[in-house]
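The values are calculated or read from the model by the stated rules, or taken from the named source; none is laboratory data. Everything numeric here is computed off the predicted structure, so don't read it as measured data. A quick note on method: Cβ atoms are made from the backbone with ideal geometry, for glycine too, and the neighbour counts reach across all protein chains shown.
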Amino acid sequence: MTADILGLGEPLIEMVRLPAPIDGRPAYVQGFGGDTSTAIIAASRQGAKAGYISAVGDDAFGGGLRDLWTREGVDHTHVLTRENSSTGVCFIDPDPEGRNFTYLRKVSAATTYSSQDLPETAIANSRALHLSGITLAISVLMRAAAFEAMRLAKNHDTLVSLDLNHRPKLWSDAEARPVIETALGRADIVFASDDEARSLFGDETPEAIVDRFLGMGASIVVAKHGAKGALIGTPEGRHHIPPAPSNPIDSSGAGDAFAGSFLSWFLETGDPLIAATKAAEVAAATVSGLGAVEPIPRR
């Protein structure tokens with residue numbers, strides 16, 4: 001399958017803490033996560049032809065992710081299996097408003113992914129390449145692969161989509177800032193939450209976020225403002241997208257579902273306002289359930 005939207009990054013097994021303990025001990029349910037993988041699944045559920053680029057371990061978790069992508073119609077031909085490597089795991093303490101993650105991923109298979117592993121033909125034949133600040137953070141090798149993937153995308157007129165997804169647990173603001181600035185200079189579509197932009201660049205308002213990233217070369221900026229909705233900025237103007245009704249339980253994965261859904265609808269319609277409105281509905285449904293992938297609605 002030729003994928004219209006390709007994601008690059010690290011897929012994760014997620015362990016989501018249940019609201020009630022069992023026999024006085026915390027209990028978890030296993031699901032699937034990883035920001036760009038979640039975004040690609042959301043894109044597929046909204047009707048896009050989607051694929052993924054990464055590496056998983058030769059373990060049961062890696063096999064579980066492949067089974068998931070197969071069920072979701074996501075092409076994982078270009079996901080490598082690393083022998084004697086593990087697949088990353090993330091423990092999630094559900095929070096309706098924030099992020100409360102614990103990672104076990106320092107030597108995961110995805111951290112060994114390099115520029116030499118990239119499928120240039122797949123990138124050239126796609127319409128959009130989606131990556132994130134986490135893709136850039138997990139290792140020097142994956143970071144180099146991400147920048148090379150962006151270069152290849154640009155050479156072949158493939159849109160580059162970047163979600164800031166800044167995680168201070170992975171790297172400091174000072175370390176992340178110059179890397180993300182470089183990536184922003186190569187991105188066509190940028191997704192940014194207000195807390196991330198404030199931490200990295202000091203921007204206090206969605207308007208300031210949009211102005212900064214448009215000034216760095218993006219053609220579309222989505223400044224996400226939590227329960228207040230999002231501001232869509234293009235060189236032609238600014239538009240506020242109100243939040244869709246929700247019953248917040250767990251915010252993990254909602255932003256990624258927004259990004260993937262936005263890309264799916266934008267490639268279909270060419271209209272960022274339609275794409276953002278549809279993406280807001282998807283994010284609202286996602287935040288109303290437990291885990292990153294399970295609650296993402298289907299079109």
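Data overview
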| quantity | calculated |
| --- | --- |
| Flag if T158 is of a type in the set (V, I, T) and out of contact with any strand residue (DSSP E or B) (no Cβ under 8 Å at 6 or more places or on another chain) | no |
| One residue from R212, R198 being of a type in the set (D, E, K, R) and under 30 Å from N155 (Cβ atoms) | R212 |
| Residues (of a type outside the set (A, V, I, L, M), on the phi < 0 side of the Ramachandran plot and within 18 Å of the chain's Cα centre (by Cα)) located in the range 150-176 | T158, S161, D163, H166, R167, P168, K169, W171 |
| Strands (runs of 3 or more DSSP E) contained in the range 1-79 and holding at least 1 residues modelled with pLDDT under 95 and of a type in the set (A, V, I, L, M) | 12-17, 28-33 |
| Test: residue in the range 50-61 that is under 17 Å from L12 (Cβ atoms) and hydroxyl-bearing (S, T, Y) | yes |
| H240 being closer than 21 Å to A280 by Cβ and surrounded by fewer than 18 Cβ atoms within 10 Å (Cβ to Cβ) | yes |
| Only one of I274, I220 that is in contact (Cβ under 8 Å) with a residue 24 or more places away in the chain, in contact with a helix residue (DSSP H, G or I) (Cβ under 8 Å, 6 or more places away or on another chain) and among the aliphatic types (A, V, I, L, M) | I220 |
| Options I209, I189, I296; residue that is in contact with a Lys or Arg (Cβ under 6 Å, 6 or more places away or on another chain) and closer than 27 Å to F101 by Cβ | I296 |
| Some residue of the range 235-248 being closer than 23 Å to M150 by Cβ, in contact (Cβ under 8 Å) with a residue 12 or more places away in the chain and out of contact with any Lys or Arg (no Cβ under 6 Å at 6 or more places or on another chain) | yes |
| Members of the range 101-112 that are buried (at least 24 other Cβ atoms within 10 Å of the Cβ), farther than 24 Å from S193 by Cβ and either in contact (Cβ under 8 Å) with a residue 60 or more places away in the chain or out of contact with any strand residue (DSSP E or B) (no Cβ under 8 Å at 6 or more places or on another chain) (or both) | S108 |
| Verdict on D117 being farther than 30 Å from S219 by Cα and either of a type outside the set (V, I, T) or buried (at least 21 other Cβ atoms within 10 Å of the Cβ) (or both) | no |
| The listed residue being closer than 22 Å to A146 by Cβ and surrounded by fewer than 19 Cβ atoms within 10 Å (Cβ to Cβ), out of T36, T87, T81 | T81 |
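Quick grid of which residues meet (1) at pLDDT 95 or above; (2) polar (S, T, N, Q); (3) within 29 Å of A227 (Cα to Cα):
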{"site": "E97", "(1), (2), (3)": "no, no, yes"}
{"site": "N100", "(1), (2), (3)": "no, yes, yes"}
{"site": "A110", "(1), (2), (3)": "yes, no, no"}
{"site": "S115", "(1), (2), (3)": "yes, yes, no"}
{"site": "A145", "(1), (2), (3)": "yes, no, no"}
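Yes/no matrix, rows are residues, columns are (1) in a loop (DSSP other than H, G, I, E, B); (2) among the β-branched types (V, I, T); (3) touching a Leu at 6+ places or on another chain (Cβ under 7 Å); (4) at positive phi:
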site	(1), (2), (3), (4)
P243	yes, no, no, no
S252	yes, no, no, no
W265	no, no, no, no
E268	no, no, no, no
T277	no, yes, no, no
P295	yes, no, no, no
